[in-house]
1. Are there any pairs with C-beta distances below 6 angstrom linking a residue in region 147-168 that is farther than 15 Å from T187 by Cα to a residue that is among the charged types (D, E, K, R), with the two at least 6 apart or on different chains, and if so which?
2. Which residues, counting only those in region 45-59, are in contact (Cβ under 8 Å) with a residue 40 or more places away in the chain and closer than 16 Å to L29 by Cα?
3. Kindly indicate which of A86, A49 is open to solvent by 70 Å² or more (accessible area, probe 1.4 Å), part of a loop (DSSP other than H, G, I, E, B) and more than 15 Å from P101 (Cα to Cα).
4. Can you confirm whether A94 is touching a Leu at 6+ places or on another chain (Cβ under 8 Å), part of a helix (DSSP H, G or I) and surrounded by 13 or more Cβ atoms within 10 Å (Cβ to Cβ)?
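The values are calculated or read from the model by the stated rules, or taken from the named source; none is laboratory data. None of the values given here were measured: they were computed from a predicted structure. Heads up, the Cβs are rebuilt from the backbone with ideal geometry, glycines too, and the neighbour counts pull from every protein chain shown. In case anyone asks, the SASA skips ligands and DNA or RNA and just uses the protein heavy atoms, side chains included. Shrake-Rupley method; radii C 1.70, N 1.55, O 1.52, S 1.80 Å.
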Amino acid sequence: MKRLLLSALAFGICNLSSAPAAAQSRNLLAEMQAIATALGVTCEHCHVAPAGSTVPQPKKDIARQMMAMTRELNAKVQAATGKPAAEATQVTCATCHRGVPIPRPLGQVIARTLQEKGPEAAALQYRELRTRFYGRSTYDFTEDELLNVARPIASIRPDDAISLLELNIEFYPNSAKSYALMGFAYTRKFDDESALASLEKAAELDPANGEIQGQLVQLKMLRRKR
């Protein structure tokens, strides 16, 4: 609390000699506490030097810009809807951040790790994030999130796609969509036996899905021709 009050002084808008300025300081203090909660951080995330120090604190500069951006967005929402501030939907830091400093969707987080460090690191990261954040609004842990990462790479990097789909099936064992996409990925590896097994499992889980049934028939016909 003391650190936040000193930080308010550092912002240059706090003058405790007058009542209005003191109220402004309290408002800023509350806003900064809300920001820290929204980002899942402590004061030291931005305030890395004592108040009044000349040491650069780039995250404080970013915070100022983001606070200004939020105020601007709320003003635009009010102007667009014609509603007063008390009735208009409010944009806050939590709207995007939801408990993490960098508000990337889960799919982007996993896709980046997959690209830079490989499927094992991506799977480990997914499990760690799921353990930490599942049940909260921070990340989307539903069935389609890993599917959306695997789908565009299934043709060009089938092994990576299969690894993600296996991970998805671990948490969603009845995911017909995961088995169907895995079947397609296996065809890119010319592994028709594995592709057939995956598609048959997908058809078993979702027998009314005409697309899966069509893929299965097509693969069986291709195997007979060979």
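1. Close Cβ pairs satisfying both conditions: L147/K177.
2. H45, H47, A51
3. Details: A49 fails: open to solvent by 70 Å² or more (accessible area, probe 1.4 Å).
Answer to the selection: A86.
4. On the way: touching a Leu at 6+ places or on another chain (Cβ under 8 Å): no; part of a helix (DSSP H, G or I): yes; surrounded by 13 or more Cβ atoms within 10 Å (Cβ to Cβ): yes.
Answer is no for this residue.
Table: residues versus (1) part of a loop (DSSP other than H, G, I, E, B); (2) open to solvent by 80 Å² or more (accessible area, probe 1.4 Å); (3) farther than 30 Å from R104 by Cα; (4) hydrophobic (A, V, I, L, M, F, W, C).
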site: S137; (1), (2), (3), (4): yes, no, no, no
site: V149; (1), (2), (3), (4): no, no, no, yes
site: A161; (1), (2), (3), (4): no, no, no, yes
site: K177; (1), (2), (3), (4): no, yes, no, no
site: T187; (1), (2), (3), (4): no, no, yes, no
site: E193; (1), (2), (3), (4): no, yes, yes, no
site: E211; (1), (2), (3), (4): no, yes, yes, no
site: M221; (1), (2), (3), (4): no, yes, yes, yes
